[in-house]
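Asker: Got a structure here, written out as structure tokens. Questions coming.
The values are calculated or read from the model by the stated rules, or taken from the named source; none is laboratory data. For clarity, every value in this text was computed on a predicted model and none was experimentally measured. For neighbour counting, all protein chains shown are included, and Cβ atoms are generated from backbone atoms with ideal geometry for every residue, glycine included. Only protein heavy atoms, including side chains, enter the accessible area calculation; ligands, DNA and RNA are left aside. Shrake-Rupley method; radii C 1.70, N 1.55, O 1.52, S 1.80 Å.
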Amino acid sequence: MDLYSGRYIAILYEFFVSKQTFLTSEELAENLKCSSRTIKEDIKSLNAYLRQELIGFIESIPGRGYQLIIEDQGRGNQLKLMIERSYEFFFDKDVGRIKLRIFILKKILAVPSLEYADLLDEVHLTQSALRRDFDWIREFLQSYDLKLKVVNDAIQVKGSELQRRKAMLEAFCDNYYGLDDALLVKEFNSLFYEDDQEYENIRHAFLNILRPEQIVINDLSTKKLSAYICLAKRRNAANCRLSAFTDEEIDETEKLYEYSVVQKIFNDPLIAAGKWYDENEVIAFTRMLLTHRDIDLSRHRDVETIPPVYLLKASQNLQSTLDCLKNTVWQELFASELFASFERDFLSIVLLLTLRHRMDSNKEIQLVIYSKYENYNFTPLALELTRVFIYHLSSVMNCSVNVMNLSIIPSVFEYILKQVNYEYHRQNIAVVSTAGRIVAGYIANDLNKKFSRYIQSLAVLNLYEMRSLNFDDFDCVICDKNDYYKRYPIKFVAYTSMTSLAQDDLYGKVFKSGYDRHILDFMKRITKITEDVVSDNFNALVKCICFRHAAESKLTELENAILWKNSLISYVKRQCLIIFCDISHTKKEFIEFYRVSKFAKYAIVVSIDYGYDLSKIKLINSILDRLIENDGYFDLMLSDTSAAYDQLFDDIIENQS
């Protein structure tokens with residue numbers, strides 16, 4: 001049984017990450033976009049595998065669903081790790097397709113020339129059946145400045161030796177994820193090393209030299225750079241040498257701190273064995289090491305080891321980008337003191353991009369990036385802000401940027417949004433007790449302990465003092481018996497006893513109303529529910545949306561902007577499609593809901609002027625995020641828009657309490 005089948009991975013992943021004990025075939029079918037019957041057949045196959053490997057089994061309980069039972073915890077933990085790695089690698093792609101493409105890519109890169117007919121025989125497919133796969137391979141190679149050629153019915157890759165190595169290094173993706181059995185091509189893997197121990201020895205030697213130095217790189221980069229050393233040694237042995245760098249490139253590289261570090265690395269007896277390298281290899285690896293650094297400018301050692309000229313250029317790139325963003329609908333955020341407090345983090349990010357642009361490239365497609373699909377756990381506006389930021393930065397730097405290489409950007413935007421509090425009017429409360437001021441004071445003390453974040457002021461009164469109270473100065477009176485106060489023109493909320501504040505739901509009765517609802521009412525006004533839309537693909541739906549909403553002479557601009565931003569980070573999140581339109585292209589504010597067929601279940605189209613204060617922007621973001629996370633809200637939105645927004649608001653606010 002091939003456990004690397006897409007549905008098998010996805011089914012086991014659902015069991016491992018689900019908070020529910022039981023999952024029904026209907027729930028699994030809904031998530032995996034297949035029939036319940038298919039799920040039941042897959043469960044049978046998975047059970048055979050789980051029992052054969054002595055891991056456990058999937059139990060079926062009538063009326064409740066399926067439950068994964070792990071009998072051997074050690075084997076179960078190993079399976080969970082493998083499934084998590086596989087799911088992160090393949091994610092929402094067609095597993096069979098991506099395996100085929102990487103297999104073909106490896107076959108092509110393994111030899112100088114590959115007979116087309118031999119490849120077709122090996123994969124048992126026709127040339128026409130592989131058309132889209134070769135389009136994908138061609139795009140991948142082009143991102144490394146390599147060209148795919150067919151000469152005399154043989155497939156060849158044309159380009160520099162250094163760029164070919166970098167493409168090979170990325171195609172060696174199974175090594176970094178431990179998926180060798182899924183993507184193994186022996187003749188390709190042997191270009192790096194014959195056995196794992198050779199690689200581990202090189203990596204160990206590399207890390208021993210790197211640890212004392214003023215350089216930090218992440219775990220994935222240690223694996224890639226170690227694999228590159230293995231590859232470079234064998235390529236030199238096969239007389240596949242690097243082209244000479246220019247005098248200017250050599251002079252620039254030799255001044256880098258990394259240059260002295262690489263000299264130490266290449267002088268290590270294990271790494272230097274065979275005397276395989278020349279000065280070009282040292283220069284190339286120095287530039288690679290620089291662009292693989294995990295840069296954080298809050299660390300003095302990072303500031304000290306980066307040449308000032310690069311820091312200055314990065315600062316200029318960031319400032320020019322922010323100047324552009326401060327003239328967009330996002331100016332409220334990018335001109336805020338809150339954003340200014342994160343500028344050093346963004347400078348670290350832009351510095352890395354500046355270095356890559358100078359020393360390498362920002363457009364290279366990476367097949368493996370740890371946590372790269374955490375993007376799908378980010379909120380909608382964190383992703384849209386990332387798209388907008390990269391859009392303007394790319395224009396400033398005059399280069400393409402593959403944002404999937406930088407999952408840190410949405411992480412920073414997400415963290416910024418988390419610092420914003422929802423707008424709240426803190427309450428002025430009067431506390432009254434028929435037992436007198438002492439008891440009222442006890443209640444006030446308990447209220448202050450539990451709800452201080454919601455309270456502006458607390459007044460302690462007895463029953464007689466109520467007569468002289470200026471009711472305009474208070475939002476609510478908390479009292480022991482409601483009947484005594486019916487004649488007063490103010491909201492009264494009764495508590496049962498001093499020990500029952502939690503049971504009385506004072507948060508819901510008193511403090512919840514302090515949250516501002518103006519933006520919620522605004523969203524209700526601009527929301528439109530549209531009839532179901534039948535579109536075969538994303539591009540067709542975008543054309544429909546642009547035709548409906550583009551302002552005069554703005555149709556092409558709107559369409560191009562949506563498609564470009566979608567190419568950075570897909571607008572499809574789980575089974576929902578959420579598209580953001582720039583209001584400069586629509587000249588109107590709206591939120592539109594669709595049911596969509598084929599490639600997504602739902603679609604939300606948003607065109608809003610984000611010139612509101614940050615608390616309102618955060619609430620918009622939270623509402624959109626919960627819509628995506630919960631199909632029930634979307635169904636309610638289509639039937640009763642106002643009730644859906646009210647429930648979403650309540651859900652968000654209650655999670656704040």
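Asker: Output the number of residues of the stretch 602-634 satisfying the condition of being part of a loop (DSSP other than H, G, I, E, B) and not β-branched (Val, Ile, Thr).
Answerer: 6
Asker: Let me ask something else. Looking at the stretch 130-152, can you tell me whether even one residue there is touching a residue at least 12 places away in the same chain (Cβ under 8 Å), open to solvent by 60 Å² or more (accessible area, probe 1.4 Å) and touching an Asp or Glu at 6+ places or on another chain (Cβ under 6 Å)?
Answerer: No, that holds for no residue.
Asker: List pairs: first residue in the stretch 108-126 and farther than 18 Å from residue 168 by Cα and open to solvent by less than 80 Å² (accessible area, probe 1.4 Å), second residue of a type in the set (S, T, N, Q) and part of a loop (DSSP other than H, G, I, E, B) anywhere in the structure, Cβ distance under 8 angstrom, at least six positions apart or on different chains.
Answerer: Listed by first residue and then by second, the contacts come to 116/127; 120/126; 120/127.
Asker: Looking at the structure I just gave you, is residue 28 under 29 Å from the mean Cα position of the chain (by Cα), buried (at least 16 other Cβ atoms within 10 Å of the Cβ) and in contact (Cβ under 8 Å) with a residue 40 or more places away in the chain?
Answerer: Criteria not met by residue 28.
Asker: Taking into account only those residues within the stretch 547-597 that are open to solvent by 30 Å² or more (accessible area, probe 1.4 Å) and closer than 24 Å to residue 630 by Cβ, which is modelled with the highest pLDDT?
Answerer: Among them, the one singled out is 566.
Asker: Find the residue count for the stretch 48-61, including only residues that are within 17 Å of residue 25 (Cβ to Cβ) and either among the β-branched types (Val, Ile, Thr) or open to solvent by 70 Å² or more (accessible area, probe 1.4 Å) (or both).
Answerer: Selection size over the stretch 48-61: 3.
Asker: Continuing with this model, one more query. Quick check on residue 535: is it part of a loop (DSSP other than H, G, I, E, B) and either of a type in the set (Phe, Trp, Tyr) or surrounded by 15 or more Cβ atoms within 10 Å (Cβ to Cβ) (or both)?
Answerer: Criteria met by residue 535.
Yes or no, residue by residue, for (1) touching a residue at least 40 places away in the same chain (Cβ under 8 Å); (2) of a type in the set (Ser, Thr, Tyr); (3) touching a Lys or Arg at 6+ places or on another chain (Cβ under 9 Å); (4) in a helix (DSSP H, G or I):
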{"site": "192", "(1), (2), (3), (4)": "yes, no, yes, no"}
{"site": "201", "(1), (2), (3), (4)": "yes, no, no, yes"}
{"site": "206", "(1), (2), (3), (4)": "yes, no, no, yes"}
{"site": "213", "(1), (2), (3), (4)": "yes, no, yes, no"}
{"site": "220", "(1), (2), (3), (4)": "yes, no, no, yes"}
{"site": "223", "(1), (2), (3), (4)": "yes, no, yes, yes"}
{"site": "227", "(1), (2), (3), (4)": "yes, no, yes, yes"}
{"site": "236", "(1), (2), (3), (4)": "yes, no, no, yes"}
{"site": "241", "(1), (2), (3), (4)": "yes, no, yes, no"}
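Asker: What pairs can you find where one residue is in the stretch 50-79 and of a type in the set (Lys, Arg), the other is open to solvent by less than 90 Å² (accessible area, probe 1.4 Å), and their Cβ atoms are less than 6 Å apart, with a gap of 6+ or different chains?
Answerer: What qualifies is 51/57; 64/22; 75/55.
Asker: Yes or no: the stretch 246-267 includes at least one residue that is assigned to a loop (DSSP other than H, G, I, E, B), touching a residue at least 60 places away in the same chain (Cβ under 8 Å) and not hydroxyl-bearing (Ser, Thr, Tyr). Outline the logic, then answer.
Answerer: The initial filter retains those residues of the stretch 246-267 that are assigned to a loop (DSSP other than H, G, I, E, B), namely 246, 255-256, 267.
Next, from what is left, pick out any that are touching a residue at least 60 places away in the same chain (Cβ under 8 Å): none.
Within the stretch 246-267, none of the residues are assigned to a loop (DSSP other than H, G, I, E, B), touching a residue at least 60 places away in the same chain (Cβ under 8 Å) and not hydroxyl-bearing (Ser, Thr, Tyr).
Asker: Filter the stretch 340-388 down to the residues that are modelled with pLDDT of 95 or more, crowded, with 17+ Cβ neighbours inside 10 Å and either of a type in the set (Phe, Trp, Tyr) or assigned to a loop (DSSP other than H, G, I, E, B) (or both) and list them by number.
Answerer: 346
Asker: Does residue 77 count as surrounded by 15 or more Cβ atoms within 10 Å (Cβ to Cβ) and modelled with pLDDT under 90?
Answerer: Criteria not met by residue 77.
The rows are residues; the columns are (1) assigned to a strand (DSSP E or B); (2) touching a helix residue (DSSP H, G or I) at 6+ places or on another chain (Cβ under 8 Å).
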residue	(1), (2)
432	yes, yes
439	no, no
457	yes, no
466	no, yes
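Asker: Inside the stretch 639-655, can you point out the residues that are of a type outside the set (Val, Ile, Thr) and modelled with pLDDT of 85 or more?
Answerer: Those that are of a type outside the set (Val, Ile, Thr) and modelled with pLDDT of 85 or more: 639, 640, 642, 643, 644, 645, 646, 647, 648, 649, 650, 651.
Asker: Additional query: Being polar (S, T, N, Q), open to solvent by less than 80 Å² (accessible area, probe 1.4 Å) and closer than 22 Å to residue 630 by Cα is the requirement here; does residue 45 meet it?
Answerer: The answer is no for residue 45.
Asker: Could you check the stretch 31-48 and list, in sequence order, the residues that are charged (D, E, K, R) and within 29 Å of the chain's Cα centre (by Cα)? Step through it out loud before you land on a result.
Answerer: Residues of the stretch 31-48 charged (D, E, K, R): 33, 37, 40-42, 44.
33 - this is the single residue of the stretch 31-48 that is charged (D, E, K, R) and within 29 Å of the chain's Cα centre (by Cα).
Asker: Conditions first: (1) farther than 30 Å from residue 569 by Cα; (2) modelled with pLDDT under 80; (3) crowded, with 16+ Cβ neighbours inside 10 Å. Residue 461 passes all but one, so which condition is the exception?
Answerer: Only one criterion is unmet by residue 461, namely (2).
Asker: Oh, and also: Give just the number: which of (1) over 26 Å from residue 392 (Cα atoms); (2) surrounded by fewer than 19 Cβ atoms within 10 Å (Cβ to Cβ) does residue 283 not satisfy?
Answerer: If we test residue 283 against (1) over 26 Å from residue 392 (Cα atoms); (2) surrounded by fewer than 19 Cβ atoms within 10 Å (Cβ to Cβ), just (2) comes out false.
Asker: Please identify the pairs in which a residue from the stretch 294-319 that is closer than 22 Å to residue 390 by Cβ has its Cβ atom under 9 Å from the Cβ atom of a residue that is open to solvent by 70 Å² or more (accessible area, probe 1.4 Å) and outside any helix (DSSP H, G or I), counting only partners at least 6 apart or on another chain.
Answerer: Close Cβ pairs satisfying both conditions: 294/218.
Asker: Further question: Name every residue in the stretch 635-645 that is part of a helix (DSSP H, G or I), open to solvent by 40 Å² or more (accessible area, probe 1.4 Å), farther than 22 Å from residue 31 by Cα and without any contact (Cβ under 8 Å) to a residue 40 or more places away in the chain, in order of residue number.
Answerer: 639
Asker: On the given criteria, is residue 322 at pLDDT 95 or above, among the hydrophobic types (A, V, I, L, M, F, W, C), farther than 20 Å from residue 243 by Cα and in contact with a His (Cβ under 9 Å, 6 or more places away or on another chain)?
Answerer: yes
Asker: Okay, moving on. Could you please find all residues in the stretch 138-171 being farther than 27 Å from residue 237 by Cβ and either among the charged types (D, E, K, R) or in contact with a Lys or Arg (Cβ under 7 Å, 6 or more places away or on another chain) (or both)? Outline the logic, then answer.
Answerer: Going residue by residue through the stretch 138-171, those that are farther than 27 Å from residue 237 by Cβ are 138-139, 142-143, 150, 152-153.
Passing the criteria: 138, 139, 143, 153.
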